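K.L.:
Have a look at this one before I ask anything.
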Amino acid sequence: MSRSKAARPLSRTDLETRELDGEYFLYDPVTDRVVLINRSAAVILALCDGTRLEDEIAAEVQRLYGSKTERLDEDVWATLAQFTAQGLIGAAQLTAQLEPDE
Amino acid sequence: MKRSADILSITDQLLLLAVRESKTKAEDARRLLEQADVDWDGLSRDSGQNRVDSFVADLLAHPSLQKHLAPDRAADWRARGMLGVFRMEIFHKRIGDLGSALQNAGVDMLAYKGIDFQLRCYSSEQPRGFSDIDILVAPRDVDSAAACLEMAGYYPADGRKTLDYYRRFHLHAVYRHTRHPWPIELHWALDAPLGTGFDSAALILGAAESSSELGPGVLRPRSIDALALMCTHLEKHLAHAPWLPDASARLKAVIMGSGLIWLLDIVRWMRRHAKATSADDVLERMRELGAERSYILALRLAADLEPQALPAWALHAALTSRRVPLIARLIYPDLSRGRAATAAGEKRRTVLYAPRPQWGFRPIRVLQVLLPAGRVPVESTVPIRTRVHRAARRTCLIGANAWALARTHAHNRRGRR
């Protein structure tokens, strides 16, 4: 199964965030766990406001970083997949459609 | 037999370095890391269990140690260090909310142990670790407090047992919350380690102070009471540790008992509050609360962790307490009985010996060690500064080496016969 690029990811509102020396610490009060992410990942997470499709998030990241490469798209999708796996993007709010791998 | 130096593993030594106040701790840690492979998983486990993650994280963040950590591991420790900061903020909010709810129900609630010591002795950037929240209410308020907890979304950790069961057979009940990982312990009496009677909840609640940091509905114990509560808690969980024969063994027992943070609490209390506290006040209050023995045992361990933190009066209290001279002598092996000269050739020699000169005792001539002349080398004399109980002045030797000197003397005497 893979997630459709038509998903509109929404980051959880109960996450606590703190920036220190260019690193971002996300605290999940449910699991009592801290996830350390870099600035680029923090930008991607901030764009997960439930209004943008994954493709749109990737395009926005490309615009922000002034580059347009296929690799960057893949990085954004991989980051979003990690966020999902770690529960940082709320599954209930996610409008992702699951579709079978071909 | 294992030598004491081998008792503490590399990870134990790193934990101790992390919590001690030392300007050379990073350099000492670097030497340790270069000596041998570190059991990083063991360090993570022991650091978490002893609730000293933020201190270890701070130590490992030192630039000189970075080359010894893989990038992933270094990032993991940075995250662990920050975890304590997030937790502390949420703990404060939860305890404040709960205090308001209980205040509205007319219940006085006292927050003590970890949450209280965090505010008392630690910074918000480098907090102590927590595993639960301890609150104390008067026995008559237990039902109201339990009802407030349940209204706030908490539920009994063991739903099979009723509150009445806990009231009959326990001194506290544990509550959990679906959205928070740590439990709240609702206490209505205080633990009485070894059955000495420490049911002093009313005394402590009666002297409690309001807390601006945690909100108007939350009381905190008086400074000395907070120390008494922590000493008693330490004895409850680490009662065996002070009786072990040397400092390494005692500290190892503390680490294995997951109690390093409680020891650090005692040391920090001494550093922060001892100057503003009278020795007599502390001892008198400990006696009122039935916590004198716990206090002396805790001092024994605190001296192992960081002797410089203990003021002279703390040791003085431990050594000269009329109520607990036997305990004091047992847990301070330095304290041993002297005797009169009996053998020909012996002469009385006064040895002034301060085992821990940093305690700054007042000079007295209490240590009259009977030595066969010329047989036992006497180390350089150090002025001793203390007031020692009159009986102890006549009969006791104090000093790290006094015991060894006395044994050597006995050996020499046997050899002469």
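K.L.:
Take the residues of the stretch B:54-73 that are of a type outside the set (Phe, Trp, Tyr) and crowded, with 20+ Cβ neighbours inside 10 Å: which is farthest from the other protein chains (Cβ to nearest Cβ)?
P.N.:
Among residues in the stretch B:54-73 that are of a type outside the set (Phe, Trp, Tyr) and crowded, with 20+ Cβ neighbours inside 10 Å, the one farthest from the other protein chains (Cβ to nearest Cβ) is B:LEU59.
K.L.:
Using beta carbons and a limit of 8 Å, which pairs, at least six apart or on different chains, have the first residue in the stretch A:31-45 and at the interface with another protein chain (Cβ under 10 Å from one of its Cβ atoms) and on the phi > 0 side of the Ramachandran plot and the second one in a helix (DSSP H, G or I) and not hydrophobic (A, V, I, L, M, F, W, C)?
P.N.:
Final answer for the pair search is A:ASP32/B:ARG87.
K.L.:
Turning to a different aspect of this structure: Being more than 25 Å from the chain's Cα centre (by Cα) and within 13 Å of chain A (Cβ to nearest Cβ) is the filter; apply it to the stretch B:87-105 and report the residue that is surrounded by the fewest Cβ atoms within 10 Å (Cβ to Cβ).
P.N.:
Ranking the qualifying residues of the stretch B:87-105, first place goes to B:LYS93.
K.L.:
May I pose another question? Scan (1) under 30 Å from B:PHE86 (Cβ atoms); (2) of a type in the set (D, E, K, R); (3) more than 14 Å from chain A (Cβ to nearest Cβ) for the single condition B:ARG160 breaks and write down its number.
P.N.:
It is condition (1) that B:ARG160 fails.
K.L.:
Among the numbered conditions (1) buried (at least 19 other Cβ atoms within 10 Å of the Cβ); (2) more than 21 Å from the chain's Cα centre (by Cα), tell me where B:LEU15 comes up short.
P.N.:
(2)
K.L.:
Still on this structure, please answer the following. Restricting to the stretch A:46-62, name every residue that is touching a residue at least 24 places away in the same chain (Cβ under 8 Å) and either part of a helix (DSSP H, G or I) or of a type outside the set (A, V, I, L, M) (or both).
P.N.:
Of everything in the stretch A:46-62, those that are touching a residue at least 24 places away in the same chain (Cβ under 8 Å) and either part of a helix (DSSP H, G or I) or of a type outside the set (A, V, I, L, M) (or both) turn out to be A:ALA46, A:CYS48, A:ASP49, A:GLY50, A:THR51, A:ARG52, A:GLU54, A:ASP55, A:ILE57.
K.L.:
I want to confirm something. Restricting to the stretch A:47-83 and keeping residues that are β-branched (Val, Ile, Thr) and within 16 Å of A:ILE37 (Cβ to Cβ), which single residue is nearest to the chain's Cα centre (by Cα)?
P.N.:
Per the criteria, the residue is A:THR79.
K.L.:
Can you say whether B:ASP76 is within 14 Å of another protein chain (Cβ to nearest Cβ), exposed (fewer than 15 other Cβ atoms within 10 Å of the Cβ) and out of contact with any Asp or Glu (no Cβ under 6 Å at 6 or more places or on another chain), as far as the supplied structure shows?
P.N.:
For B:ASP76, the condition - within 14 Å of another protein chain (Cβ to nearest Cβ), exposed (fewer than 15 other Cβ atoms within 10 Å of the Cβ) and out of contact with any Asp or Glu (no Cβ under 6 Å at 6 or more places or on another chain) - is not met.
K.L.:
Given the criterion away from chain A (no Cβ under 12 Å) and in contact with a helix residue (DSSP H, G or I) (Cβ under 6 Å, 6 or more places away or on another chain), identify the matching residue among B:TYR155, B:TYR165, B:TYR175.
P.N.:
Testing whether each residue is away from chain A (no Cβ under 12 Å) and in contact with a helix residue (DSSP H, G or I) (Cβ under 6 Å, 6 or more places away or on another chain) leaves just B:TYR175.
K.L.:
Yes or no: the stretch A:3-17 includes at least one residue that is more than 13 Å from the chain's Cα centre (by Cα), within 14 Å of chain B (Cβ to nearest Cβ), assigned to a strand (DSSP E or B) and within 23 Å of B:ARG80 (Cα to Cα).
P.N.:
Checked against the condition, which is being more than 13 Å from the chain's Cα centre (by Cα), within 14 Å of chain B (Cβ to nearest Cβ), assigned to a strand (DSSP E or B) and within 23 Å of B:ARG80 (Cα to Cα), the stretch A:3-17 yields at least one hit.
K.L.:
Right, another one. Pull up the stretch B:105-142, narrow it to residues that are part of a loop (DSSP other than H, G, I, E, B) and among the aromatic types (Phe, Trp, Tyr), then point me to the one that is modelled with the lowest pLDDT.
P.N.:
B:PHE130
K.L.:
While we're on this one: Within the set of pairs 6+ apart or on separate chains, which have a first residue in the stretch B:204-225 that is touching a residue at least 60 places away in the same chain (Cβ under 8 Å) and under 17 Å from B:GLU288 (Cβ atoms), a second that is of a type in the set (Asp, Glu) and buried (at least 20 other Cβ atoms within 10 Å of the Cβ), and C-beta atoms under 9 Å apart?
P.N.:
Taking only residues 6 or more apart or on different chains, the pairs are B:ILE204/B:ASP225; B:ALA208/B:ASP225; B:PRO221/B:ASP116.
Quick grid of which residues meet (1) in the same structural domain as B:GLY48 (by TED's automatic domain parsing); (2) buried (at least 20 other Cβ atoms within 10 Å of the Cβ); (3) under 18 Å from B:TYR166 (Cβ atoms):
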| residue | (1), (2), (3) |
| --- | --- |
| B:LYS113 | no, yes, no |
| B:GLN118 | no, yes, no |
| B:ASP132 | no, no, yes |
| B:ILE135 | no, yes, yes |
| B:PRO139 | no, no, yes |
| B:ASP143 | no, no, yes |
| B:TYR154 | no, yes, yes |
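K.L.:
How many of the residues in the stretch B:64-86 are over 30 Å from the mean Cα position of the chain (by Cα) and without any contact (Cβ under 8 Å) to a residue 12 or more places away in the chain?
P.N.:
Qualifying residue count for the region: 7.
K.L.:
Something else now. Kindly check whether there is at least one residue in the stretch B:210-222 that is within 14 Å of another protein chain (Cβ to nearest Cβ) and surrounded by 17 or more Cβ atoms within 10 Å (Cβ to Cβ).
P.N.:
Within the stretch B:210-222, none of the residues are within 14 Å of another protein chain (Cβ to nearest Cβ) and surrounded by 17 or more Cβ atoms within 10 Å (Cβ to Cβ).
K.L.:
Can I ask one more? With the condition being modelled with pLDDT of 90 or more and not aromatic (Phe, Trp, Tyr), I'd like the helices (runs of 4 or more DSSP H) fully within the stretch B:147-251 carrying at least 3 qualifying residues.
P.N.:
Once the helices (runs of 4 or more DSSP H) in the stretch B:147-251 are filtered for at least 3 residues that are modelled with pLDDT of 90 or more and not aromatic (Phe, Trp, Tyr), what remains is B:201-206, B:223-238.
The values are calculated or read from the model by the stated rules, or taken from the named source; none is laboratory data. Owing to the predicted nature of the structure, the values given are computational and were not obtained by experimental measurement. Heads up, the Cβs are rebuilt from the backbone with ideal geometry, glycines too, and the neighbour counts pull from every protein chain shown.
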